[in-house]
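Inspection log for the structure reproduced underneath, given as structure tokens.
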Amino acid sequence: MNPTRRAALAGGFALAACGGDGVSASQKGPAAPSRLAPFKDRAAFPVGVAAMTGQLAEAGWSGLASTHFNRLTPEWEMKMEAFLGEGDRLDFSRADRICAWARTNGAEVFGHTLVWYAQSAPRFERLNGSRRGFAEAYRTYIHDVAGRYRGQVTGWDVVNEPIADDASGQLRDCIWSRNLGQTDYVRLAFEHTREADPDAVLFLNDYNLETNPRKLDGFMRLAETLLEAGAPLTGLGTQTHADCALPDGAIERTVRRLASLGLKVHVSEIDVSTATGRPERQGAIFAEAAEAMAALPAEQRFGVTVWGVRDSDSWLRRADWHRPPQPDTPLLFDDGGRPKASAQAFGDALG
Ligand code: G3I
């Protein structure tokens, strides 16, 4: 998500007089629909949701997730912070629990994410600057993780957020680019993942592609560079962390541009904050994502993943490393798990 926007939420966002869920009446959308047919039964593509191990045993979350969604993206359990959070030993226990829940509930799992500028681990920090050792540790990590989940995940965000979130359209500088090369760290990540998993769809994923044309251009340039280098890039993901001020057509234009390379397309993390713009637009924005995906050729429709079930499950409602919890209603079900009008609009658009 755009840190500028996040900072605006933290800094400029006045804590309005809020109800029990911390959201003022003016931020809530229209009334909820009475009955809602399962999203996964209505869509011509998988409908995913972010999941965390702490939610799996919670009936309210589990009931909605198993009813409406047929793909899970671990919200943090398949990241380096979870696999290597305890130092040097790979801990697969959290990710394994999400995979087990998915198997029990007939859902796929999408792996998020192998390489991200935002996270590293001691084993890489120790090798920072020693190219050969770093390259070997990089390859080993990707092989160990992607190899373990071969056959359990249908795809990976191999590299997440490679493009700088500014007007440059340049690649970010990070520990991976400094040790392996600006685009070579990306190419190598795709090659190593394909070596470990011959079948998964391999994605490049980023955010603010709907609102930053230079960033979208840089993302597409990187994708074309990878394809020209023969990297096994087979999917492009747009996170779509949006708000209610997002202009009409922005998602549709972005999805169409991503699809222009003929790869699979994933709207990978959609939520629509009601802290900015007119809350009654939330349903139309979710619906646009569904319609844009449905309009793609069948072989390119990887799916739409919503970044949480209930408003209270949203990362936007949790304290982050640099901001307090925010009152917000960014998802399709309210804090009590009741479908909102935006859930009805999204469901109608899936069909
Ligand atoms: O709950 C655990 C706790 O049990 C554990 O001891 C502790 C150890 O660090 O971690 C706690 O989990 C936290 C988790 O959120 C659940 O609250 C992690 O610390 C925290 O890092 C994690 O934050 C996630 C963040 O990515 C960083 O991984 C957010 O949930 C997640 O919504 C956010 O998602 C990102 C996407 O990956 C990329 N696109 C932007 C999106 C939003 O920032």
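The values are calculated or read from the model by the stated rules, or taken from the named source; none is laboratory data. Note that the coordinates shown come from a computational prediction; the quantities given were computed from them, not determined experimentally. Virtual Cβ from ideal backbone geometry, glycine too; neighbours counted across all protein chains shown. With ligands, DNA and RNA removed, areas are computed over all heavy atoms of the protein, side chains included. Shrake-Rupley method; radii C 1.70, N 1.55, O 1.52, S 1.80 Å.
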### Query
Of the residues in the range 278-307, how many are touching a Leu at 6+ places or on another chain (Cβ under 7 Å) and part of a strand (DSSP E or B)?
1
### Query
Has the range 310-318 got at least one residue that is farther than 21 Å from G155 by Cβ and touching a Cys at 6+ places or on another chain (Cβ under 9 Å)?
no
## Note on the structure
Selection over the range 251-269 where residues are touching a strand residue (DSSP E or B) at 6+ places or on another chain (Cβ under 8 Å) and either surrounded by fewer than 19 Cβ atoms within 10 Å (Cβ to Cβ) or among the acidic types (D, E) (or both) yields a count of 2
### Message
If I filter the range 162-196 down to residues being within 16 Å of the ligand (Cβ to nearest atom) and free of Cβ contacts under 8 Å to residues at least 60 places away in the same chain, which single residue comes out as farthest from T240 (Cα to Cα)?
### Response
C174
### Message
As an exercise: evaluate E269 against (1) within 14 Å of the ligand (Cβ to nearest atom); (2) assigned to a helix (DSSP H, G or I); (3) of a type in the set (D, E, K, R) and give the number of the one condition it does not meet.
### Response
(2)
### Message
I need the full set of residues from the range 90-105 which are over 14 Å from A121 (Cβ atoms) and either within 16 Å of the ligand (Cβ to nearest atom) or crowded, with 18+ Cβ neighbours inside 10 Å (or both), in order please.
### Response
F92, S93, R94, A95, D96, R97, I98, C99, W101, A102
### Message
Against the definition (in contact with a Cys (Cβ under 7 Å, 6 or more places away or on another chain), in contact (Cβ under 8 Å) with a residue 40 or more places away in the chain and surrounded by 24 or more Cβ atoms within 10 Å (Cβ to Cβ)), how does T305 come out, yes or no?
### Response
no
### Query
Does P330 satisfy the condition of being open to solvent by 20 Å² or more (accessible area, probe 1.4 Å), in contact with a helix residue (DSSP H, G or I) (Cβ under 8 Å, 6 or more places away or on another chain), within 16 Å of the ligand (Cβ to nearest atom) and part of a loop (DSSP other than H, G, I, E, B)?
no
### Task
Could you look through the range 308-327, keep only residues that are assigned to a helix (DSSP H, G or I) and surrounded by fewer than 24 Cβ atoms within 10 Å (Cβ to Cβ), and pick out the one that is nearest to the ligand (Cβ to nearest atom)?
W315
### Query
Are any residues in the range 53-89 in contact with a Pro (Cβ under 8 Å, 6 or more places away or on another chain), open to solvent by 30 Å² or more (accessible area, probe 1.4 Å) and not charged (D, E, K, R), and if so, which ones?
T67, N70
